[in-house]
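Only one structure is covered here, and it is reproduced in the block below.
The values are calculated or read from the model by the stated rules, or taken from the named source; none is laboratory data. This one's a predicted model, so the numbers in the text were calculated from it and none came from an experiment. Cβ placement follows ideal geometry from the backbone for every residue including glycine, while neighbour counts extend to all protein chains displayed.
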Amino acid sequence: MSTEISSPNSAAVTTADRSTAVTESLKRFARIARQSDHKKGIRAYQTHIRRDPWIPAFFVLLFLLPTMVTAGYFYLIASDRYITEARFALRPALGNVDKVQSEETGNNSSLSKQMIAQDTLITTSYIASRQMIETMERQMPLREMFSRDGIDFFSRFDASEPIERFMLYWHKRVTTSVDSNGGIISLKVAAFDPQESYTLTRALLDESERMVNELSLKARNAALAESTRELKNAEERLLTVQRAMRDLRNRAGILDAQSANKNNLLVIAELRKKRIDLSVQLNQSLRDLAPERRPIQDLKAQIQDLDDNIEKIERQMTSTDPDQRRLLSEAMTEFEGLENERKNALLYHNKVLAASEQARIVANRQIEFFTPVVNPVVPTSAIEPRKHLITSIVALVAMALFGFSVLIRKYLYS
């Protein structure tokens, strides 16, 4: 009885276990099959790599060789270059003469902002010019500085080459740039000796400053000549007016019609004052003395003399002769016109004289200075060529080319 009951139950359990076991076995076989395929693919790719002779060749040609050549040149052969940098700006001289109106003096020698900006560009162009190279060659052994035997072949200049070739080389060793916002000029000089780099930088600055001031020399001399001519015209104008006034005085028969008229008025005023004093004194004396007394008669006689003199002067000033009155009036009118013209001529002459002195001062002094922002100093270490940077860049580019070539090769092979 018990055997019949246990047999069906045992058979049912065995079937379920077998089903589970089969499922697990199939999954295990699937995983093993996938891993086997993956390993076969890797082994096949590795076999492809080993069998493809171009992969090692690509590695040598595209990565190893460029990297080694670059590193060998920059670390073993390339000559060190010492950089001297200077930064400066053009500024007018302190106490510069202000521009005077052209209609007054014709002096146009002052500097404007436009001239400063233009001179800044002129300076950079002059530093890169052939004239600057020739000037430097007269001051120092310029070509020898860049063509010594100690300089590597690729950095050295052949001293036998013409100056046109040297200009191309010069532009690699001497560079300038301008800050558009502040107008600051940056000058960089690369040489193979630190002292030579500094010496060349100082010489470039001095020569550029001299050239900029020499450019305005002609304009300053022209302004001085124009101011001198204008001063001569102002002097002639003043002398002409003074001669006319002198001739008028001589022709009218008076030293100065205006001064004579003023003097007559002063005399009349003085005489009237004396007459008033005498009249007061006479009234006081009449209180104590009789009119017939001698002091009273003397005071009356003095008062009468004063009246006669005042009447005589007034009659001369207001002559009843129409011709004399007209001549005197015309002389006074003409004299007043000449006096006003003399004052204007004298004022103009003084302004022109001051402007002429200013032009003379400007013509004899330096107009612009190179105001240093960063003074040049002797470099203590070489910062060019940038060995680490260039070698790293070449290695990265070579690695990228090698990887790209391998991918292309695999695509073509598959």
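Data overview
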| item | result |
| --- | --- |
| Any helices (runs of 4 or more DSSP H) falling wholly within the stretch 171-290 and containing at least 3 residues that are modelled with pLDDT of 90 or more | 194-215 |
| Residues of the stretch 354-374 satisfying the condition of being polar (S, T, N, Q), out of contact with any strand residue (DSSP E or B) (no Cβ under 6 Å at 6 or more places or on another chain) and either assigned to a helix (DSSP H, G or I) or at pLDDT 80 or above (or both) | S356, Q358 |
| Top-ranked residue in the stretch 210-250 [being within 30 Å of L90 (Cα to Cα) and among the basic types (K, R); ranked as surrounded by the fewest Cβ atoms within 10 Å (Cβ to Cβ)] | K218 |
| Test: residue in the stretch 121-133 that is basic (K, R), touching an Asp or Glu at 6+ places or on another chain (Cβ under 9 Å) and in contact (Cβ under 8 Å) with a residue 24 or more places away in the chain | yes |
| Hits in the stretch 154-204 - residues which are out of contact with any strand residue (DSSP E or B) (no Cβ under 9 Å at 6 or more places or on another chain), of a type in the set (A, V, I, L, M, F, W, C), more than 22 Å from T371 (Cβ to Cβ) and in contact (Cβ under 8 Å) with a residue 12 or more places away in the chain | F154, F157, A159, I163, F166, M167, W170 |
| Search result, residues across the stretch 301-337 that are of a type in the set (D, E), touching a helix residue (DSSP H, G or I) at 6+ places or on another chain (Cβ under 8 Å) and at pLDDT 75 or above | D307 |
